[in-house]
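Some notes on the structure that comes next.
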Amino acid sequence: QVRVEESGGGLVHPGGSLRLSCAASGSVSSINAMGWYRQAPGHERELVAVITKRGGTTYADSVKDRFTISRGDDKSTVTLQMNNLKPEDTAVYYCGATRSPSISRSAIEYWGKGTLVTVSS
């Protein structure tokens, strides 16, 4: 069993930056990928950025060149650095982890409770 817990989030002005962190506990050695997904009101949960245990990364087109995902040396923590934030980035951000080789939303087995990011002037 794996547990994930997010920290960070909050209110930021457009153009500002935020950092989200996620810590996994339990059977972390079984995890193939960890990452961030977000859900805005009235929208489905979508992939933001994911990193695999081999270090491969995947980003949504909408966040490329603005967001960076990285992980700790112990591979149980993942950080999402978000720069040049836009109002359309406003959403609840969820950390997810999976043992599956797939990183699609449906493949995520373990979810955190989510943290709200609001981008507004």
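The values are calculated or read from the model by the stated rules, or taken from the named source; none is laboratory data. Note that the coordinates shown come from a computational prediction; the quantities given were computed from them, not determined experimentally. Please note: Cβ atoms are built from the backbone with ideal geometry, for glycine as well, and neighbour counts cover all protein chains shown. Areas reflect the complete protein model, heavy atoms only, side chains present, ligands, DNA and RNA absent. Shrake-Rupley method; radii C 1.70, N 1.55, O 1.52, S 1.80 Å.
The set of residues in region 66-83 that are surrounded by fewer than 17 Cβ atoms within 10 Å (Cβ to Cβ), touching a strand residue (DSSP E or B) at 6+ places or on another chain (Cβ under 9 Å) and part of a loop (DSSP other than H, G, I, E, B) comprises Arg66, Gly72, Lys75, Asn83. What do you reckon, is Thr90 more than 19 Å from Gly26 (Cα to Cα) and either in contact with a Ser or Thr (Cβ under 9 Å, 6 or more places away or on another chain) or modelled with pLDDT under 95 (or both)? Considered against the rule, which asks whether it is more than 19 Å from Gly26 (Cα to Cα) and either in contact with a Ser or Thr (Cβ under 9 Å, 6 or more places away or on another chain) or modelled with pLDDT under 95 (or both), Thr90 comes out as yes.
Candidates are the residues of region 12-42 that are in a loop (DSSP other than H, G, I, E, B) and at pLDDT 95 or above; the one that is most open to solvent (accessible area, probe 1.4 Å) is His13.
Tell me, please, whether a residue that is open to solvent by 70 Å² or more (accessible area, probe 1.4 Å), under 14 Å from Cys22 (Cβ atoms) and at pLDDT below 95 can be found in region 102-109.
no
The set of residues from region 52-63 being surrounded by 10 or more Cβ atoms within 10 Å (Cβ to Cβ), of a type outside the set (Val, Ile, Thr) and part of a loop (DSSP other than H, G, I, E, B) comprises Lys53, Gly56, Ala60, Ser62.
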